[in-house]
Each structure stands twice: as C-alpha cells, then as structure tokens.
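Remarks on the structure that follows.
Derivation of every value follows stated rules applied to the coordinates shown; laboratory data play no part. The structure displayed is predicted, hence computed values, not measured ones. Cβ coordinates were reconstructed from backbone atoms using ideal geometry, including for glycine residues, and neighbour counts include every protein chain displayed.
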Amino acid sequence: MTTSLTIGVIGAGTMGNGIAQVCAAARYSVILQDLSQPALDRARQTMEASLARQLKKGTLTESQAAETLDRIQPTTELQAMADRDIVIEAIVEKLEVKAGILRKLDEICRAEAIFASNTSSISLTQLAAASRQPERVIGMHFFNPVPMMQLVEIIRALQTSDAVAETVTELTRAIGKKPYVSNDSYGFVVNRLLAPQINEAINCVYEGVATAEHIDEMMKLGTNNPMGPLALGDLIGLDVVLNIMETLYRGFDDPKYRPSPLLKQMVHAGYLGRKSGRGFAAYPPG
Ligand code: CAA
Ligand code: NAD
C-alpha cells in the first residue's frame, strides 16, 4: 500500500498516541488531534518513551525514532483533518460523543475520506448511522499497548462498503499489524470474552474471595497470561472496562454482563488504573 495516504488520529490518550506512533513508524504522515495542549504534550512523552524502549532493544535506529516523531503533527484543531484520507477516532467510549465527532467530520473532510473508530465495544452500525456517509465508517480496533500488540480487529458496520474494508485491511498490514475482519456485534470478539473476565475478577475482590494481588498471581500461574486480569484492567483503564461492560449489558440486554458494583465505585472514585496513578495497584508517577 502506498504511504501517500494521509492519516488523522483524534484523541491522543492511551490508544491514540500509540496508533499515531505505529502509523508514523510505517512512514505515514499523521495529524494527531486532542482537546488541549497538555494532552498532546503527554502523548509526545509517551511516544518518546516507547521509541526509547525500541531503540534500547535495537529494533530501530535513532534517526528512525526522530523521523517517526517528525511525521506526527500535533494539533488542537479538528479542522486540521480536512485533507486526511483516513481519520481514526480514539476518544471516550460513549456513542453520543463519537457520533458527534462523526457529524463534524462529515462537514470538515473530503467526500472520499474514511472514518475508522477504535471503539472497544460500541455497535459500528449504530455509529455509522450518525454519518451522512455510513458506507465510509468502519471499526479499526487496536490493542494496548499499541506498539506491542499485533492484532487489529476490523469491524464492518452493516453499511460499510467492500472498498473501505479492503483499504483499512491493507493499511493494517502496511503498519505491521495482523487484521481480522468480523461482522458487527457488541464487544466484537476479543472484548466480549476479555471484559467479562476482568469484571468477574473484580467481583471476586468485591466478594472477598481473594485479594487483587492473589487473583492476578493465580491467573498468571494458572493460565500463563502475561499479566493478571486486574493489572490488565488497570492498563486498559477501569473507565474503559466499565464502558465496555455497560455496552455489553445494555446491548445484549443480558444480566450476565452486569458491571461489578466495585468496578463502578472505582470509576466514581477516579481510581482508573495506570492513567490516574491508582487502580487495583498504585502507579507512582515517572
Ligand atoms: N512501547 C514499546 N515497547 C514496549 C511497550 C511500549 N508501549 N510496552 C512494552 N514494551 C516492550 C518492552 O520494551 C519489552 O521489550 P524487551 O523485553 O524486548 O526488552 C517488552 O515489551 C516487555 O515489556 P516489559 O518487560 O516492560 O513488560 P512485560 O514483559 O510485562 O510486557 C506487556 C508488557 C507487553 C504489556 C505484556 O504484559 C502484555 O502483553 N500484557 C497483556 C496486554 C494485553 O492483553 N493487551 C490487550 C488489552 S485489551 C485491549 O487493548 C482492547 C480493549 O479494547 C480494551
Ligand atoms: P483515554 O481516556 O486514555 O484518552 C482519550 C483521549 O481523547 C484523551 O486524551 C481526551 O482528551 C481525548 N478526547 C476526548 N474527547 C475528545 C474530543 N471530542 N476530541 C478530541 N479528543 C478528545 O482513552 P483510551 O483508553 O485511549 O480510549 C480511547 C478509545 O479507544 C475508546 O473508545 C476506548 O474504548 C478504545 N480502546 C481503548 C483501549 C485501552 O486499552 N485503553 C484499547 C482498545 C480500544
């Protein structure tokens, strides 16, 4: 695929900065947009730290790391997406907020632009319905930490055109990831299985079955996962986990997806995991 395609990423948080980094590392020009300069500054620091790890490992050179950062243009203006071929949205997991961005992009972008959402669970069909060009909307679900994780779930809305699905699948391969295409369903494949496991681990803490530390150690030793479900919830962000569980619960209308009361309390307290410095473990700054 030609690297002449231009990419826009909306949201420079946990996922957005990783998506921008891997696209830029594959030589694509990237505009990274967020609401405030401090959010963009934090994203830059995260990308620098991630590239430094790869430098240390010897998987890229100093000039490649510098070129990657140079290809990413930060901005607080959504209008900057006007010339982009593909815009990948990675903002808060709320249907109405994502739909609002899609409506704005309809006004700002060229008629041929593709709108990909990194949503973790929301129906792409419902999201696409918010756009004047629903056939150009698709799910492009990256995994955290983006530079390390190989999978990208490609989710076709009922309205997505074949051409859009093909372009996004090719782009995924071009940035060194493995695309798996699925039809639209709440939580798609991975989060439909993963989020209930994290939620159930939180219920075990809530009911006093075992401590968070022990649950994580037991799951690592007993299932060979690289990290336990509670540490993974902290890595993902407990607000994101709650939003996924709520989408599954309401979407399938099935009580088996009921969010844990403790998960709700953690989010209400602002204990969101790594990004807030406290979740099921503490994460001192630095
Ligand atoms: N950028 C670049 N390199 C990174 C990195 C980053 N952000 N994070 C880790 N690495 C590299 C390190 O440099 C290190 O490389 P070497 O071993 O070659 O030196 C390697 O990854 C391992 O890192 P660490 O030793 O620090 O830590 P680790 O061995 O515990 O691995 C991990 C970290 C990759 C996060 C691993 O624990 C893991 O795979 N955890 C599970 C992650 C997972 O399941 N993610 C999916 C979440 S669900 C999701 O994303 C979907 C959703 O919608 C919520
Ligand atoms: P985050 O909270 O870390 O970052 C979201 C960023 O979006 C913030 O920097 C915020 O300032 C910005 N933002 C919010 N509203 C905006 C707007 N209107 N315009 C521009 N920027 C805006 O969230 P995240 O964890 O990166 O999640 C983003 C999306 O990716 C969600 O849909 C989430 O479900 C999905 N996702 C998350 C993970 C994960 O592990 N965290 C994995 C895969 C997918």
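Summary table below
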item: Descending semi-axes in Å of segment 144-191, equivalent ellipsoid built from Cα gyration tensor; result: 19, 15, 6
item: Values of log10 I(q)/I(0), in the order q = 0.10 Å⁻¹, for the chain under a Debye, Cα-only, solvent-free model; result: -0.53
item: For segment 1-116, diffusion coefficient by Stokes-Einstein and Kirkwood Rh (Cα), 20 °C, 1.002 mPa s, µm²/s; result: 149 µm²/s
item: Cα convex hull volume per residue for segment 97-154 (Å³); result: 93 Å³
item: Nearby lysines by direct alpha-carbon distance to LYS98 (threshold 23 angstrom, same-chain neighbours under 8 apart not counted); result: LYS264, LYS275
item: Quotient of C-alpha Rg and 2.2 N^0.38 Å, computed over segment 1-58; result: 1.14
item: P(r) histogram, all alpha-carbon pairs of segment 40-169 included - 5 Å bins from 0, percent; result: 2, 10, 17, 19, 18, 15, 10, 6, 2, 0
item: Excluding exposed DSSP-loop GluC sites (Glu not before Pro) (at most 14 other C-beta within 10 Å), longest clean stretch of the chain; result: 113-206
item: Gyration tensor over alpha-carbon atoms, segment 159-269, equivalent ellipsoid semi-axes in Å; result: 30, 18, 11
item: Helix axis angle, 238-252 relative to the chain longest principal axis, alpha carbon, degrees; result: 90 degrees
item: Estimated [θ] at 222 nm from DSSP helical runs (n ≥ 4, -39500 (n - 2.57)) normalised by residues in the chain, nearest 500; result: -14500 deg cm²/dmol
item: Nearest 10 degrees, 0 to 90: helix 162-174 Cα axis against the chain principal axis; result: 80 degrees
